[in-house]
């Protein structure tokens, strides 16, 4: 019996002297893993799929999920104004994704970063159900390459994608300090989205005066100069913020859409507001503001949406 007790004591002593295993207290996070080709391909493709789902769900969360999946000034501004557009639609919007394919193409070396491209074939279709009116659909055709940038291994952001056969970045014009101010009212032209079949102007309007402001739709629009010195006026479709009076000491973000134009030459965006019948006119000549017009979408059977 003493021999058995002695053997047990020796074994316990040896166990106490053994070295503790050394290793991580928890599984490695994805960003700690080396960026193998398989990981790069899988994570980039998954980001594109998440982007599609977030785009379709943007009316539900104001674009919050979508904002976390994009990078670069163009797409970041696009997500911001997409949220404004959805919030000001008087009714319900439901998005649906039709995925045809999503294939990883290759990595792309960027300055101080790693880029990648994914070939995408998908449609994001939105059904709009206005409070007063019949439902209608709009389709965004996203067939073509998607460009991504890696923030760290396994973590990607979409920086550009193809819409109706044209890179989205080509259809986004950003403006800096493009504002007009008169008598306590300011209008800032933030950006222009030139996506088929519309031109959408994104505006920030502030009424610092003590009187209510109203848009005069008959004196506002996209004015096109003709050869004889006359002007043709295109009447825009305003978002809800421009359809209601703007009280004193208030500001709004608003959208104004027009039929797609083939040039900015000779064109001016004009907004006329009234306060107690007094007009306030703000004009933005576009010829020197719009740097380039995106090419027309392909005509080989490509579908288009607004």
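FYI, it's all coordinate maths here, none of it is from the lab. Bear in mind the structure is a predicted one, so any value in this text is a computation, not a measurement. Here the Cβ positions follow ideal geometry from the backbone for every residue, glycine too, while neighbour counts run over all protein chains shown.
Of the candidates 72, 251, 229, which one comes out as most mobile in a Gaussian network treatment of the chain with C-alpha springs shorter than 10 Å?
Between 72, 251, 229, it is 229 that shows the largest mean-square fluctuation.
In degrees from 0 to 90, rounded to the nearest 10, what is the angle of the helix 2-17 Cα long axis to the longest principal axis of the chain?
30 degrees
Cα centroids of the stretch 70-136 and the stretch 222-280: how far apart, whole angstrom?
Distance between centres, Cα-based: 27 Å.
Quick check: from the Cα gyration tensor, does the stretch 149-306 come out rounded (a/c under 1.5), prolate or oblate?
oblate
Contact order normalised by length for the chain, with contacts defined as Cα pairs under 8 Å and 6 or more residues apart; what percent is it?
14 percent.
Cβ neighbours within 10 Å, averaged per peptide: list 131-141, 88-98 in order, most packed at the top.
Result, highest mean Cβ count within 10 Å first: 88-98, 131-141.
On a full-extension model of 0.36 nm per residue, what is the gain between residue 131 and residue 98, subtracting their alpha-carbon distance, rounded to one decimal in nm?
9.3 nm
When ranked by the protection proxy of mean other Cβ atoms within 10 Å per residue, highest first, what sequence do the peptides 107-120, 53-66 form?
The densest-packed peptide leads the list: 53-66, 107-120.
Given axes a ≥ b ≥ c from the Cα gyration tensor, I'd like to know whether the stretch 65-151 is rounded (a/c under 1.5), prolate (a/b larger than b/c) or oblate.
Judged from the Cα gyration tensor, the stretch 65-151 comes out oblate (a/c at least 1.5, b/c at or above a/b).
Round to the nearest 10 and give me the degree value, 0 to 90, for the angle of helix 37-56's Cα axis relative to the longest principal axis of the chain.
The angle comes out near 40 degrees.
State, as an integer percentage, the relative contact order of the stretch 175-285 based on alpha-carbon contacts under 8 Å between residues 6 or more apart.
29 percent
In degrees between 0 and 90, to the nearest 10, how far off the longest principal axis of the chain does helix 73-87 point, with axes built from Cα atoms?
Tilt of helix 73-87: around 70 degrees.
Step by step: find N for the chain, compute 2.2 N^0.38 Å, then divide the Cα radius of gyration by it. What's the final number?
1.43
With the chain treated as a Gaussian network of Cα nodes joined by springs under 10 Å, which of 225, 235, 206 yields the largest mean-square fluctuation?
Greatest mean-square fluctuation among the candidates belongs to 225.
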